[in-house]
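A.B. asks: Take a look at the following structure, please.
The values are calculated or read from the model by the stated rules, or taken from the named source; none is laboratory data. Computed from a predicted model, the values in this text were never measured in an experiment. Counting neighbours? That spans all protein chains shown, and the Cβs are built from the backbone with ideal geometry, glycine included.
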Amino acid sequence: MNRDAYEAVIGLEVHTHLLTRSKLFCGCSTEFGKGPNENVCPVCMGMPGVLPVLNRRAVELAVRTGIAAHCEIAPRSIFDRKSYFYPDLPKNYQISQYETPICKGGYIELPGDGNPRRIRLVRIHLEEDAGKNIHEADSSLVDFNRSGVPLVEIVSEPDIRSAEEAGAYLRELRNILRYIGASDGRMEEGSFRCDVNVSVRRKGSSELGVKTEIKNLNSFRFVEKAIEHEVARQIDLLESGGKVMQETHLWDPIREETRPMRSKEFANDYRYFPEPDLPPLVVPPEMVEEVARTMPELPAAKRVRYADDYGLNDYEVGVLTAERETADYFEAVLPGLNNPRTAANWVMTEVLRAANESGRSIAEAAPPASEVGALLRMVEESKISLNAAKTAFAAMCKSRKPAAAVVEEMGLAQVSDESAIAAACDKVIAAEPGKVAQFRGGRDKLFGFFVGQVMKAMGGKANPKVVNEILKKKLAG
Amino acid sequence: MALLARLSLAPDEEERIRANMDEILAYIDKLNELDTREVEPTAQVGDPGMPMRDDVVTNRPDPEGMLANAPASERGYFKVPKIIE
Amino acid sequence: MASSSDLNRLTISEAAERLRRREISAVELTRACLDRIAAVDSRLNAFITVTADEALVQARTADKRLAGGDAPAMCGIPLAIKDIFCTRGVRTTCASKILENFVPPFDSTVIAKLREEGAVFLGKTNMDEFAMGSSTENSAFGPTMNPYDLGRVAGGSSGGSAAAVAADECLASLGTDTGGSIREPASFCGVVGIKPTYSRVSRYGVVAYASSLDQVGPFAKSVRDAAMVLRAVAGQDPMDSTCSARPVPDYVGALTGDVRDLHIGVPREYFVEGMQPEVEQAVRAALRHYESMGARTIEISLPHSSYAIACYYIVATAEASANLARYDGVRYGLRASAEDNIALNERTREQGFGAEVKRRIMLGTFALSAGYYDAYYLKAMKVRTLIRRDFERAFEQCDVIVTPVAPTTAFRLGEKMSDPLTMYLSDIFTISVNLAGLPGLSVPCGYDSDGLPIGMQIIGPQFSEETVLRAGDAFERSGAVASRRPAL
């Protein structure tokens, strides 16, 4: 079985909810977690005589997404009706975009050392979501709260070559969407959905093999597993003389395998035609410029800037830019500090740990970034030791008090007063004549012992640098 | 075609509709007398310009009202025969 | 004091005047209409639902407002509403079994507007099922009879609304027009009917048949009355993305009675073989009358006229096939019993839809299906452009176009039911107007030897309702035609 002779050709279709307050075509709330059919009106329920009216914010977010993905924004795009019958589709057609989507082309750059890899996009378009079905023993129950929620569909070219690359693409895409405030990317909650198209071909060939579509994937891990599973299945099939059929598979998360969908309901002719109830969507260049102007800095740009301006390495950059919240926090800690690395380290260790341990966001678990900045400035100015800062930080997380107040209250200020330190050194030296003799006799390692004793005598508050200097002098005789 | 339109037709009905369709389609074929290669299609005849809504929630929850016409419902949901994937 | 049996014969103008002077009350006016409905509707079948109690409540409220002075123009005026308009709390059936018990939880915009003005709603009128038809014979509630001859059709699809006005069951009514559904019944029933420019009036809450063709309009006893109702319902609607934002002119103020500046185009393609001779004579006589009033007539050509029906029956049925997909037994309306969802949809629609609706859904589905889209739907959209251009060119030479409304007067019940194509061909004069999105007014211009009304159609460029109404009003008030009430 020669799997290495083959390469996987993978394309991903992501559907994500846009972060709007109201639905795409009506004034119902998009708020998650309401009781069944509470966020529903005649429009999103498909009652007779209703008409769609477009949500401007959804258009702005779609344009933002297109700009972030380097797409061409169509000055004029059309909505189309996509017809199929399904209980959760109230009009039995979905308002989507077919021939002229709002964004075309574009690419997502995957973070990587040296050579960033680009995954090209085919298109991005706007469409409305359908309702949700719950399956009982002998019936299904339909809730239309989700019906009409705005979606963008992001379609990639089949440029992805491995399960790992697929995971990287999804993570970066989600990161970008969260950075620009277009989506919160919660895959497990259903606001970020991914379908995978997988085919294989012999390495070196430029023809595309027959592809399988895999649906029902609700985590990045499952996407990667499903791809690995399907690639192996297809290769084995071809190697044993079989042919890959164009099918749709469902991912079974319990068995961790794919199986073909039984239902013929999906063998559909969607009969697309332009939506007569909506005029063409015009996005003038001024609007695109305005959206581009108000875009937050994207992860890729931050990665470059952190490396170039702050001298941070790939790993550090990666951790700090993995979430917009982390990056924003880091940048808010920075002002006034001489060494950005201090801030970087602190955020990567103390702050993220506080958030992870408590299971909450950085904003909830850690003190305000400005206060952490103040704390670290005190360390830089030798007003407190690094250890003292850690103690202060833990207290600040609990009490939410400002850095200066906490340092004061807990008496963490570092002593740099040379006469006080000299006095402590004298005391220690006087108390350990034997060890002093040994040190002077050549046992250099004992220096640490003396430092420790001085620190103990000063309650840990002595400035270590000053202690070292003075002790060295005194021990030298 | 009937499946796409979700219309199940009784056999004699199907016969009649098929005959009607054939006649109508034959009549409609006369459109092919026209050369429309250089003609732009008209999808709409209203004023151009897409009015858009501000992103505000204007609807209040009214599940009873929305379910009032439901042929079958349960615990606030619309009830249908079990959907088979 | 006028006897209540006369009050229902008033026009809106007359009634509004007397209401304002407190000579009559809205309750008396409404009672007169309800009495008339009780007396004649069993023979006409113009109404599917009569809302007598609600109407009287509305009338009493209207009277209070009228007493306070400064009430809106339509306050206290009793209207009949085609059963295609969603009316909150009142069943809205579209003359279909599939919506027989559907009670909308909301009002269409147009109804909300009239409600706010204090109008009175007498009930919901009969129509062809889902507005698909030209005779109101495709109704699940039986046909509506023509008040001038109960053995003949009232026209369609807004037959009930037209007959109700002709029979003085109401002072005016609302209908919709997709291929002629206001103008043709207006012509058959001898009343005024106008289909405004596409996008002039909101479609929100109007059950959709063909979204790019449907338009709301009034039936009335005079052009002036029609102008009053149109003024009350026209205008921008934030719930309808296709509704125009243009301000609504004073349609009533435009009725100067003067047509000396008018150039009237007469399309040669509209005076064809197979037309009832008396229809042609009546329209030609009307044209001569216009000339005597100082207007000028000129022959024009609309060369693509013969392709309009084919074009319409693709565009309209394609849009309808999608618009009617929502009737599936899940959320409202009829539900058949079934063990799986495909059967649920199929059986519900099989039982709930009439033959004509099924035919058009099949045709529309076909026109959009893979492999046929280009040949049918796309082709039809291109032909539509050619038809629009015909009118644009014609209006370079004239201000309005005058044509017959239908090739015949009202035909007999059952006469055209055996062959759908024959029925479709009777739309020949009205259909292009919907495809081009133009305003079209139907004004009575005579009677045939059987005493059946003949209507004349006045077409204008987009948003030229003022001119079209002025032309119709001038003709009507010139006394060219002595109007006759049906002998019910």
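A.B. asks: Given the criterion farther than 30 Å from A:ALA130 by Cα, surrounded by 22 or more Cβ atoms within 10 Å (Cβ to Cβ) and out of contact with any His (no Cβ under 9 Å at 6 or more places or on another chain), identify the matching residue among C:ALA227, C:ALA245, C:ALA285, C:ALA316.
C.D. replies: Residue meeting the stated conditions: C:ALA227.
A.B. asks: Oh, and also: Considering each of C:LEU435, C:LEU441, C:LEU425 in turn, give the residue that is over 23 Å from C:LEU363 (Cβ atoms) and either among the aromatic types (Phe, Trp, Tyr) or touching a residue at least 40 places away in the same chain (Cβ under 8 Å) (or both).
C.D. replies: Just a single option satisfies the conditions, and that option is C:LEU441.
A.B. asks: Then there is this: Please work out if C:LYS82 is charged (D, E, K, R) and within 14 Å of chain B (Cβ to nearest Cβ).
C.D. replies: The answer is no for C:LYS82.
A.B. asks: Collect the residues in the stretch B:51-77 that are crowded, with 18+ Cβ neighbours inside 10 Å, hydrophobic (A, V, I, L, M, F, W, C) and within 7 Å of chain A (Cβ to nearest Cβ), keeping them in residue-number order.
C.D. replies: Selection gives B:MET66, B:LEU67.
A.B. asks: Could you identify the single residue in C:PRO453, C:PRO439 that is touching a Pro at 6+ places or on another chain (Cβ under 6 Å), within 14 Å of chain B (Cβ to nearest Cβ) and surrounded by 23 or more Cβ atoms within 10 Å (Cβ to Cβ)?
C.D. replies: Checking each option against the conditions leaves just C:PRO439.
A.B. asks: So, one more: Please work out which one of (1) out of contact with any helix residue (DSSP H, G or I) (no Cβ under 9 Å at 6 or more places or on another chain); (2) assigned to a loop (DSSP other than H, G, I, E, B); (3) more than 8 Å from every other protein chain (Cβ to nearest Cβ) is the condition A:ASN39 fails and give its number.
C.D. replies: (3)
A.B. asks: Moving on to the next point. Just the residues that are closer than 21 Å to B:GLY46 by Cβ, of a type in the set (A, V, I, L, M) and within 9 Å of another protein chain (Cβ to nearest Cβ), please, taken from the stretch C:364-399.
C.D. replies: Of everything in the stretch C:364-399, those that are closer than 21 Å to B:GLY46 by Cβ, of a type in the set (A, V, I, L, M) and within 9 Å of another protein chain (Cβ to nearest Cβ) turn out to be C:LEU378, C:ALA380, C:MET381, C:VAL383, C:LEU386, C:ILE387.
A.B. asks: Mind counting the residues in the stretch B:4-33 that are under 19 Å from A:PHE273 (Cβ atoms), part of a helix (DSSP H, G or I) and either small (Gly, Ala, Ser) or more than 7 Å from every other protein chain (Cβ to nearest Cβ) (or both)?
C.D. replies: So the answer is 1.
A.B. asks: Which residues, counting only those in the stretch C:421-449, are of a type outside the set (Gly, Ala, Ser) and part of a strand (DSSP E or B)?
C.D. replies: Result: C:LEU441, C:VAL443, C:PRO444, C:CYS445, C:TYR447.
A.B. asks: Out of all the residues in the stretch A:76-89, which are within 11 Å of chain C (Cβ to nearest Cβ) and either over 15 Å from B:ARG6 (Cα atoms) or without any contact (Cβ under 8 Å) to a residue 12 or more places away in the chain (or both)?
C.D. replies: Residues satisfying the conditions are A:PHE79, A:ASP80, A:ARG81, A:LYS82, A:ASP88.
A.B. asks: Name every residue in the stretch A:126-155 that is part of a strand (DSSP E or B) and crowded, with 24+ Cβ neighbours inside 10 Å, in order of residue number.
C.D. replies: Answer for the stretch A:126-155, where residues must be part of a strand (DSSP E or B) and crowded, with 24+ Cβ neighbours inside 10 Å: A:LEU126, A:GLU128, A:VAL142, A:PRO150, A:LEU151, A:VAL152, A:ILE154.
A.B. asks: Which of (1) over 22 Å from C:MET239 (Cβ atoms); (2) of a type outside the set (Lys, Arg); (3) touching a Phe, Trp or Tyr at 6+ places or on another chain (Cβ under 7 Å) is the odd one out, the single condition B:ASN20 does not satisfy?
C.D. replies: Among (1) over 22 Å from C:MET239 (Cβ atoms); (2) of a type outside the set (Lys, Arg); (3) touching a Phe, Trp or Tyr at 6+ places or on another chain (Cβ under 7 Å), B:ASN20 violates only (3).
A.B. asks: Count, please, the residues in the stretch A:153-167 that happen to be in contact with a His (Cβ under 7 Å, 6 or more places away or on another chain) and either of a type outside the set (Asp, Glu) or free of Cβ contacts under 8 Å to residues at least 24 places away in the same chain (or both).
C.D. replies: Matching residues across the stretch A:153-167 total 0.
A.B. asks: Filter the helices (runs of 4 or more DSSP H) completely within the stretch C:287-401 down to those with at least 1 residues that are in contact with an Asp or Glu (Cβ under 8 Å, 6 or more places away or on another chain), in contact (Cβ under 8 Å) with a residue 24 or more places away in the chain and over 17 Å from C:ASN434 (Cβ atoms).
C.D. replies: Passing ranges, in order: C:341-352, C:355-368.
A.B. asks: Output the residues belonging to the stretch C:281-323 that are of a type in the set (Ser, Thr, Tyr) and touching a Cys at 6+ places or on another chain (Cβ under 9 Å).
C.D. replies: Matches in the stretch C:281-323: C:THR297 only.
A.B. asks: For the stretch C:54-170, which fully contained strands (runs of 3 or more DSSP E) count at least 2 residues that are farther than 30 Å from C:ILE361 by Cα and touching a helix residue (DSSP H, G or I) at 6+ places or on another chain (Cβ under 8 Å)?
C.D. replies: Correct list: C:78-82, C:120-125.
A.B. asks: C:CYS86: in contact (Cβ under 8 Å) with a residue 40 or more places away in the chain and touching a Pro at 6+ places or on another chain (Cβ under 6 Å), yes or no?
C.D. replies: yes
A.B. asks: Now for a different question. Based on what the data block shows, is A:GLY131 within 19 Å of A:LEU298 (Cβ to Cβ), assigned by TED's automatic domain parsing to the domain that holds A:PHE32 and among the small types (Gly, Ala, Ser)?
C.D. replies: For A:GLY131, the condition - within 19 Å of A:LEU298 (Cβ to Cβ), assigned by TED's automatic domain parsing to the domain that holds A:PHE32 and among the small types (Gly, Ala, Ser) - is not met.
A.B. asks: Related question: Out of A:ILE227, A:ILE235, which single residue is touching a Phe, Trp or Tyr at 6+ places or on another chain (Cβ under 9 Å) and hydrophobic (A, V, I, L, M, F, W, C)?
C.D. replies: Only one candidate passes the filter, namely A:ILE235.
A.B. asks: To continue, here is another question. Taking the condition out of contact with any His (no Cβ under 8 Å at 6 or more places or on another chain), over 14 Å from A:ALA389 (Cβ atoms) and among the aliphatic types (A, V, I, L, M), does A:ALA344 pass?
C.D. replies: So A:ALA344 passes the test.
A.B. asks: Please verify whether A:ARG324 is under 29 Å from A:TYR169 (Cα atoms) and not β-branched (Val, Ile, Thr), treating the condition exactly as stated.
C.D. replies: yes
A.B. asks: Continuing with this model, one more query. How about the stretch A:274-291: which of its residues are under 17 Å from A:LEU126 (Cβ atoms), within 14 Å of chain C (Cβ to nearest Cβ) and either hydroxyl-bearing (Ser, Thr, Tyr) or crowded, with 16+ Cβ neighbours inside 10 Å (or both)?
C.D. replies: Within the stretch A:274-291, A:PRO274, A:GLU275, A:ASP277, A:LEU278, A:PRO279, A:PRO280, A:LEU281 meet the criteria.
A.B. asks: Would you say A:LEU89 is modelled with pLDDT of 95 or more, within 28 Å of C:THR365 (Cβ to Cβ), assigned to a loop (DSSP other than H, G, I, E, B) and out of contact with any Asp or Glu (no Cβ under 7 Å at 6 or more places or on another chain)?
C.D. replies: yes
A.B. asks: If you don't mind, there's one more thing I want to ask. Tell me, yes or no, whether the stretch A:316-326 has at least one residue that is of a type outside the set (Phe, Trp, Tyr), at pLDDT below 90 and not in a helix (DSSP H, G or I).
C.D. replies: Taking every residue of the stretch A:316-326 in turn, at least one turns out to be of a type outside the set (Phe, Trp, Tyr), at pLDDT below 90 and not in a helix (DSSP H, G or I).
A.B. asks: Show the residue pairs that are 6+ apart or on different chains and have beta-carbon atoms under 7 Å apart, the first residue being within the stretch A:209-220 and farther than 18 Å from A:ILE235 by Cβ, the second being surrounded by fewer than 18 Cβ atoms within 10 Å (Cβ to Cβ) and of a type in the set (Lys, Arg).
C.D. replies: Sorted first by the residue in the stretch A:209-220, then by its partner, the pairs are A:PHE220/A:ARG171.
A.B. asks: At pLDDT 95 or above, assigned to a loop (DSSP other than H, G, I, E, B) and acidic (Asp, Glu) - does that describe any residue in the stretch B:34-52?
C.D. replies: No, the stretch B:34-52 contains no residue that is at pLDDT 95 or above, assigned to a loop (DSSP other than H, G, I, E, B) and acidic (Asp, Glu).
A.B. asks: Taking the residues in the stretch A:169-194 that are crowded, with 19+ Cβ neighbours inside 10 Å and part of a strand (DSSP E or B) as candidates, determine which candidate is modelled with the highest pLDDT.
C.D. replies: A:CYS194
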